[in-house]
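One structure below.
The values are calculated or read from the model by the stated rules, or taken from the named source; none is laboratory data. The model shown is predicted, which means the values in this text are computed figures rather than measured ones. For neighbour counting, all protein chains shown are included, and Cβ atoms are generated from backbone atoms with ideal geometry for every residue, glycine included.
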Amino acid sequence: MLGINDQELQEIYDFAVQLGKDAGEMLMNACRRRMQGSGATTSVSYVEKASSVDLVTKTDNDVEQFIHTSIAQKYPSHKFIGEETYSAGASRDYLVDDSPTWIVDPLDGTVNFTHLFPMFCVSIAFAVGGIPIIGIIDAPFLRQTFSSCRGRGAWLNGTQRLPLIRDPVPPLPENAPSGCTFACEWGKDRRDTPDGNLIRKVDSFVNMAAERNGRGGKGGMVHGVRSLGSATMDLAYTAMGSFDIWWEGGCWEWDVAAGMAVLEEAGGLVTIANPPPDPTTADIPRAKLGGRLYLAIRPAGDSDSETGRQSQERVVREVWKRVQQLTYSRPGS
C-alpha cells in the first residue's frame, strides 16, 4: 500500500486510536470546566469565521495543536491537513495527494460544543493515495469511539463491529427512501437567495419527507429527517446503520475523511450528492475527498431479489430523483 506494510499500518492505527481518545478527553475536560465552573468559566468564547454559524473556539485550536505536534513527533515525514491550521481559501486545488496524509478536524460540531449538545467529536483520518484508510472518531460526551482500518473492520468502542445489526445485515427497504432515516444538515451557507444552496436544500428536505406521490411524484416519505450538526457524526451513525441515507454539500476534507473511512470499511457506500442528468442510468462514482458534495448509504445486506450493493445503488438513484443540484465549489474555482 504505497510503501506501508501491514505491520506499519497496524502501528499507525493503534497510534491513531489512542491519539483520538486523548484528544477527545481534551474536549471533555473543556466541557467539565464549564459545567463545574462559575461566572465567566461557564461560557465559551468563540470567533466567527465565514458566518455566525461558522465558529472556532480556543479548544479547537488547542486540540489541533496537540494532535499536530503528536503526529509530527511520531511521523515527521507525513503530511498534515487540519481545519484550523489550513486556510480554506488559500487554494482552488484538492488538498489531498498521494502522500501519507493525516486529515484532522479537532472539533467537528463546534456549534454543538458551545451549546453542550453532545453531538461533537474529534475526527482523525489517515489517507494514502488520496483514500482514507484509517478513521478515528471520538465523541467524548457520548463515550463513543468509532474506529476503522482498511481490511480490519469498523468498530464502536473497539468491541462492537459495525454495522450494529450484523446477523444478518438488514437489506434496505424495497420502497426506499420510504422506510428510511434521512440525515442532512442546514450548512453554513445561509444566504437567502431564491436559487441559493439554502433554498435548494430545504426543497430537497421537503421532497424526501413529503407523502408518497406528493410534490409532483418526488415525495419520499422517509421515516424521519435528522440533523446532528456534525458531518462526521452523521457518517458514523450511517456506519452504525442508524441512518440509512446522508446527503450533504459544503463539507471540507476534514469534515468527512474519518467518517468515510469508517463507513466504507463497515460496508457503506459514499458517492456524489448532485444528481446526474439521468439518475436512472448514470454511473455511481465513489466520492472524492475534497469534492464537497456527498451522498452516503448505510451498509446493506442481500435480499431475495438483489445484493446489498444493488440495493445501495437503487437508493442512490431514488435520492438523486428527489434532490436539487448544489453549487458548492473549491475556493477560486
### Message
Given the criteria surrounded by 17 or more Cβ atoms within 10 Å (Cβ to Cβ) and within 25 Å of S329 (Cβ to Cβ), does L162 qualify?
### Response
no
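Residue-wise test of (1) at negative phi; (2) in contact with a Ser or Thr (Cβ under 6 Å, 6 or more places away or on another chain); (3) in contact (Cβ under 8 Å) with a residue 40 or more places away in the chain.
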{"residue": "G241", "(1), (2), (3)": "no, no, yes"}
{"residue": "V256", "(1), (2), (3)": "yes, no, no"}
{"residue": "A261", "(1), (2), (3)": "yes, yes, yes"}
{"residue": "V270", "(1), (2), (3)": "yes, no, no"}
{"residue": "A273", "(1), (2), (3)": "yes, no, yes"}
{"residue": "A287", "(1), (2), (3)": "yes, yes, no"}
{"residue": "L293", "(1), (2), (3)": "yes, no, yes"}
{"residue": "I297", "(1), (2), (3)": "yes, no, yes"}
### Query
If you go through the stretch 106-157 one residue at a time, how many are more than 12 Å from M233 (Cβ to Cβ), modelled with pLDDT of 95 or more and hydroxyl-bearing (S, T, Y)?
3
### Summary
Only one of (1) hydrophobic (A, V, I, L, M, F, W, C); (2) out of contact with any Asp or Glu (no Cβ under 9 Å at 6 or more places or on another chain); (3) buried (at least 19 other Cβ atoms within 10 Å of the Cβ); (4) in a loop (DSSP other than H, G, I, E, B) does not apply to A176, and that is (2)
### Task
May I ask you to verify whether M260 is under 11 Å from the mean Cα position of the chain (by Cα) and either buried (at least 24 other Cβ atoms within 10 Å of the Cβ) or not assigned by TED's automatic domain parsing to the domain that holds D97 (or both)?
yes
### Task
Give, as residue ranges, the strands (runs of 3 or more DSSP E) completely inside the stretch 80-169 that count at least 3 residues that are over 15 Å from K21 (Cα atoms).
101-108, 121-128, 131-139
### S329 free of Cβ contacts under 8 Å to residues at least 60 places away in the same chain, assigned to a loop (DSSP other than H, G, I, E, B) and either among the β-branched types (V, I, T) or surrounded by fewer than 21 Cβ atoms within 10 Å (Cβ to Cβ) (or both)
yes
### Message
Looking for something part of a helix (DSSP H, G or I), of a type outside the set (A, V, I, L, M), in contact with a Phe, Trp or Tyr (Cβ under 9 Å, 6 or more places away or on another chain) and crowded, with 16+ Cβ neighbours inside 10 Å - is there at least one such residue anywhere in the stretch 183-194?
### Response
no
### Query
Any idea which of A139, A154, A127 is touching a Leu at 6+ places or on another chain (Cβ under 6 Å) and among the aliphatic types (A, V, I, L, M)?
A154
